[in-house]
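Below is one structure, written out as structure tokens; comments come after it.
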Amino acid sequence: MCFECELLQVIPVGTANLVLGKVLHIFVEDGLLDSRLRMDFDKLSAIGRLAGTSYSRIRDRLQFADEGFFPSDSRGTINREVFP
């Protein structure tokens, strides 16, 4: 999976930069999405960037109960009347 982005702005923050961009396209390898276009995270084998040169493998996933931030039904589907 990869993203094609357009650079919008680079903002100096101390000795680093905050880079803002817009995602133009998302490319997903065949077989990573199911029939409902949901990502199969077991097949993805994702890594995440922490800070500097540190990265993390994503081996465990946690799921928290919906606290009502996004109104959804019992299956976790967003209510399209609230969020069209």
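Please list, ordered by first then second residue, the pairs with beta carbon atoms under 7 Å, 6 or more apart or interchain, first in region 1-28 and among the small types (Gly, Ala, Ser), second modelled with pLDDT of 95 or more and assigned to a strand (DSSP E or B).
From residues that are among the small types (Gly, Ala, Ser), the pairs are Gly21/Cys5; Gly21/Glu6; Gly21/Leu7; Gly21/Leu8.
Inside region 45-84, can you point out the residues that are at pLDDT 60 or above, of a type in the set (D, E, K, R), surrounded by fewer than 10 Cβ atoms within 10 Å (Cβ to Cβ) and assigned to a loop (DSSP other than H, G, I, E, B)?
Arg59, Asp60, Arg61, Glu67
Assuming Leu32 fulfils every condition listed in (1) among the aliphatic types (A, V, I, L, M); (2) within 11 Å of Met1 (Cα to Cα); (3) within 13 Å of the chain's Cα centre (by Cα) apart from one, which condition is it?
Of the numbered conditions (1) among the aliphatic types (A, V, I, L, M); (2) within 11 Å of Met1 (Cα to Cα); (3) within 13 Å of the chain's Cα centre (by Cα), the odd one out for Leu32 is (3).
A quick yes/no check of all residues on (1) assigned to a strand (DSSP E or B); (2) closer than 26 Å to Arg61 by Cβ; (3) touching a Cys at 6+ places or on another chain (Cβ under 6 Å):
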| position | (1), (2), (3) |
| --- | --- |
| Glu6 | yes, no, no |
| Gln9 | yes, no, no |
| Val19 | yes, no, no |
| Lys22 | yes, no, no |
| Ile26 | yes, yes, no |
| Leu37 | no, yes, no |
| Lys43 | no, yes, no |
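The values are calculated or read from the model by the stated rules, or taken from the named source; none is laboratory data. As the structure is a prediction and not an experimental result, all values here were calculated from the model. No Cβ is skipped: glycine too gets one built from the backbone with ideal geometry, and neighbour counts run over all protein chains shown.
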